[in-house]
Amino acid sequence: MADLLARTRESVLWPVRAYVLLAWTWCRALAQYPASLVMMTLSTALGAFAEMGAVFVVFGHAGEVSGFGMAEGLLIAGMATTAFACADMVMGMVEVLGRHIRTGSLDVMLVRPVPPLVQMATDRFAPRRLGRIVPGSAVTVVALAACDIDWSAGKVLMLPVLLVSATAIGCAVWIIGACLQFFVADAREAANSVTYGGQALTEYPMAIYPKNVVRAATFVLPLAFVTWQPALYLLDRPDPTGLPESLRFATPFVAVALCAVAGACWRFGLRHYRSTGS
Amino acid sequence: MTTSEPNTGGEGPVIEAVGLGRDFVLSEGPFLRRRRRTVSAVADVTFTVRPGEIVGYLGPNGAGKSSTMKMLTGILTPSAGYLRVNGLEPSRERTRLASRIGVVFGQRTTLWWDLPLKDSLELVRHMYRVPAADHARRLAELTELLELGPFLATPVRQLSLGQRMRGDLTAALLHGPGLLVLDEPTIGLDVVSKSTIREFLLRLNAEEGTTILLTTHDLGDVERLCRRVVVIDKGRLAYDGDLEGLRASVPTPRVLVVDLAAPAPPIEVEGGSCVRVDGPRQWLELSGNPAAVISRVAGRHEVVDLTLREPDIEGVVSALYRGAVAERG
């Protein structure tokens, strides 16, 4: 029993603690250049506003898209930006796995007593990514107030659960994309079509896409659970794409399952890692 | 669990490798007609390192040195054989092993380019879970020994190679490991930096009993540091013993390079035979006293310049391997 406890502490608590410690050390180191930090953060924030601005323009012109109004459209866009910005902050750095393999810095990470995934995710941990989270959550909050939502205690409690689930799905997508680079050296661009492309996909109501895209985004790579299903849940709307309505309650379970798949991919990739000659 | 006891200064071996091997599968040829070929990077290597030893792991490029190092540190999984480092199986218990050994790759830094050395070392402290007080004490010691003071606040990318290597050594030693694994620690360094690092390693070994395993192409490293050398060639163990034994087992002659005033036919004198001619320059393989040969050559030809070349470890190793093949064949 004591052994099990100790092992849990080692395999769960230590990676989390290491993550926080390393990320904090990087933040402190980067804070030594405050001007650069502020400018980077502001430019990132501008980019996020521009993306959501596009949604604003689309809904402004059309008034309604597939039965979704301006406030609802912004809610979905805001949730997508927030979730992917959080995932990017937590796991975004894993996308340069290919570079770590080529330069041999993955070897260096492997000889340190911290899981390499944690080391990679915290490498150059950049507080400027907050620049996307702040506008994303601001738009989400405004849209939540503007939408006609029948608030209940359950819905309020679900908000943090949905945020964590969406972030977890985003992180898992980052990791799975990165794992491709264990086998194909320059798979980063291919992976980006899913990571950044996935974010663009989730910024609009899924009802605007063809059925097959919606199915794929629900059952193959479950991006529909980042914004679409949670939005249907919050707004109490029937699913216009005709999929079962109980799916909207599956969001946290989908997140857990996808994280398990990502973890398995990572371990599989690492086991097959052959290192470079030197 | 007795296997979890660190082996620093204990009775058991620090490294125990029996029949260690690693194969790589290569795919070659055009698509659809691609063939798979298995190549052994390391095959049937057996050696043991005891606590407190300094062992040089030598061999020409591509001999399997780095593959062995990667198996010892858990980066690569062996495809054959038995391997224990500090009583742990590296590929399966990599993380636990990592906190008990120090690793330095001469070809690449373990530090972070954009961070000042001090901050890099702070990151390392968190990774190895060294208490702040221990870290401060150890860092002060290493700062004095390796003279890190002047560049602790400098970003790593601005450090010279020698400074960076001292930083890397510090990073590998802050958690007080019982075994230090060095992959070409003096590559590219000038004479002064090399000597600083060699003296430091000797002191570390003498005062703290740290076991050291290093790969190098530098004969100076081997002569100054290693009482014992393990030679590997084409993935196989070619020699395991002391340095003198290695030299004696393969008589590699010294070479006298003579620059004559004008091109001449190959010189043949007693104790030296010409092995190569390039214009006025000739290479003589010595079998006797160099001074006598030099005076004989100078007596017959007008000599402009002379250089005496000691056999380098590469030469000794390749001669050793040729010998091994001849014996077997």
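Observations on the structure shown:
- Estimated distance in nm for a label pair at A:GLU10 and B:LEU308, the labels positioned 7 Å out from Cα along Cα-to-Cβ: 5.7 nm
- Simple label model, 7 Å out from Cα along Cβ direction - B:ARG247 to A:ALA145, nm: 8.4 nm
- Computed over the Cα atoms of region A:34-101, pair by distinct pair, the Kirkwood hydrodynamic radius stands at 14.1 angstrom.
- If the convex hull is drawn through the Cα atoms of region A:17-271, its volume per residue in Å³: 135 Å³
- The largest-to-smallest principal axis extents of the Cα set in the protein assembly as shown are 107, 57, 48 Å.
- Global size of chain B as Cα Rg and Dmax, reported in angstrom: 23.5, 75
- When the Cα gyration tensor is reduced to axis lengths a ≥ b ≥ c, the ratio a/c is 1.5 or higher for region B:8-67, and with a/b above b/c it is classed as prolate.
- For the pair region A:62-131 / region B:176-223, the C-alpha centres are spaced 41 Å from each other.
- Whole-angstrom gap from region B:27-78 to region A:195-259, using each part's C-alpha centre: 48 Å
- Loop exposure criterion: GluC sites (Glu not before Pro), DSSP state outside H, G, I, E and B, at most 14 other Cβ atoms within 10 Å. Applied to chain B, the longest stretch between such sites is B:12-146.
- Cα shape, region A:161-220, gyration tensor, a/c 1.5 rule: oblate
- Value of relative contact order over region A:17-271, rounded to a whole percent, pairs C-alpha under 8 Å and six or more apart: 26 percent
- Exposure proxy ranking, count of Cβ atoms within 10 Å, fewest first, for A:TRP14, A:TRP151, A:TRP24: A:TRP151, A:TRP24, A:TRP14
- Cα-based reach from B:LYS65 at 20 Å (exclusive), listing lysines while leaving out same-chain residues under 8 positions away: B:LYS234
- Cys residues of chain A counted as unpaired, since no other Cys beta-carbon is under 4.7 Å: A:CYS27, A:CYS86, A:CYS147, A:CYS171, A:CYS259
- Volume in Å³ per residue [convex hull over Cα atoms, computed for region A:1-136]: 158 Å³
- Rounded D (µm²/s) - region B:198-282, Kirkwood Rh over Cα pairs, Stokes-Einstein at 20 °C, 1.002 mPa s: 130 µm²/s
- Each residue in B:LYS65, B:LYS118 was given a count of other beta-carbon atoms within 10 angstrom of its own, and listing them fewest first yields B:LYS118, B:LYS65.
- Ranked B:SER287, A:SER193, criterion: other C-beta atoms within 10 Å, fewest first: A:SER193, B:SER287
- Computed from label points 7 Å out along Cα-Cβ, the spacing between A:ILE208 and B:ARG137 is 6.4 nm.
- Charge context of B:GLN163, other residues only, Cβ under 12 angstrom, K/R +1, D/E -1: 0
- Once Rg and the Kirkwood radius are both taken over the C-alpha atoms of region B:21-147, their ratio Rg/Rh works out to 1.07.
- Computed from backbone phi with θ = phi - 60° and the Karplus coefficients 6.51, -1.76 and 1.60, the 3J(HN,Hα) list for region B:51-60 is x, x, 7, 10, 10, x, 10, 10, x, x Hz; x is used for glycine and proline.
- Share antiparallel - DSSP beta bridges, the protein assembly as shown, percent rounded to 5: 70 percent
- Put a plus charge on the Cβ of each Lys and Arg, a minus charge on the Cβ of each Asp and Glu, and nothing anywhere else: the dipole of region A:17-271 about its Cα centre is then about 920 debye.
Taken together, the values in this text are just the output of simple stated rules run on the coordinates, not laboratory data. Just so we're clear, the structure is a prediction, and the values are computed from it rather than from any experiment. Don't worry about glycine lacking a Cβ; one is built from the backbone with ideal geometry, like all the others, and counts go over all protein chains shown.
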